[in-house]
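Visitor: Right, I'll just put the structure down here and ask away after.
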Amino acid sequence: MAPRHRAKADSLRQQALSLEKAIRRIVRANDVQSRAVAKQCGLTSAQLVVCRGILELGEVTTTALSAYADISAATVVTILDNLELRGIIERYRSVADRRIVHTRLTDTGRAIIAGAPRPLGEAALTRLKALDAAARRSLVESAAHLADLLERDAPLAAAGSPTQPLDGNGGTLSAMRSRTPAARRPARPDRGGG
């Protein structure tokens with residue numbers, strides 16, 4: 001292998017190792033925060049995110065919650081089953097279309113959510129708030145791009161992939177913004193079907 005190609009391969013290998021280490025740190029921090037959330041309010045992080053979705057979206061369908069939380073519909077149904085057994089949410093059929101099932105928080109659920117911590121954690125939110133707006137935007141875009149890289153079913157030529165530029169002049173940041181969690185949320189008035 002020529003020295004230039006070897007240096008490039010070593011650089012890529014080092015970057016991959018550094019990325020793997022950073023991902024392990026993120027996963028570990030998320031696990032620690034999830035345990036703290038569960039200890040404080042009795043909900044897993046996924047349950048808390050679903051409940052916050054119900055709180056923000058109002059009486060909502062499983063499909064809309066799935067899009068909001070970026071969790072599969074089957075997993076959302078399992079989470080809702082557990083929350084319903086515990087009296088945190090209730091589900092009911094739409095009067096207009098009996099095929100549609102809506103979900104709403106009970107008084108117990110609203111009380112739990114009112115006292116629940118943010119899934120990201122107060123310390124992380126405080127550090128995030130300390131960043132300037134451009135740094136926060138860049139962090140969110142990079143995290144969304146990393147998630148896209150890690151998803152198994154993501155197309156190879158996804159926005160910001162090595163075949164497309166990631167930055168400013170003619171780059172694909174606007175395409176990436178359209179795929180961030182906030183952009184994937186369903187519109188508030190159309191609470192979705194299913």
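Visitor: Would you work out which of Leu146, Ala134, Thr108 lies farthest towards the positive end of the dipole of the stretch 97-147? Charges go on Cβ: Lys and Arg +1, Asp and Glu -1.
Guide: Comparing the listed Cα positions along the dipole, Thr108 ranks first.
Visitor: Whole number please: convex hull volume per residue of the Cα set in the stretch 39-119, in Å³?
Guide: Residue-normalised Cα hull volume stands at 86 Å³.
Visitor: OK, next. What is the Cα centroid distance between the stretch 75-90 and the stretch 15-32, reported in whole angstrom?
Guide: So the separation of the two Cα centres works out to 31 Å.
Visitor: Subtracting the Cα-Cα distance from 0.36 nm times the residue separation, let me have the gained length for Ala147 to Ile23 in nm, one decimal.
Guide: Extending this stretch completely gives an extra 43.6 nm.
Visitor: Once R0 is set to 35 Å, what does the formula 1/(1 + (r/R0)^6) return for the Cβ-Cβ distance between Leu125 and Ala16, expressed as a FRET efficiency to the nearest 0.05?
Guide: After rounding to 0.05, the efficiency reads 0.70.
Visitor: For Glu90 and Thr44, what does the FRET efficiency come to when R0 = 25 Å and r is the distance between their Cβ atoms, rounded to the nearest 0.05?
Guide: 0.80
Read the figures in this text as sums done on the coordinates, not as results from a lab. Since the model is a prediction, treat every value here as computed from it, not as a measurement. Here the Cβ is made from the backbone with ideal geometry for all residues, glycine too, and neighbour counts use every protein chain on show.
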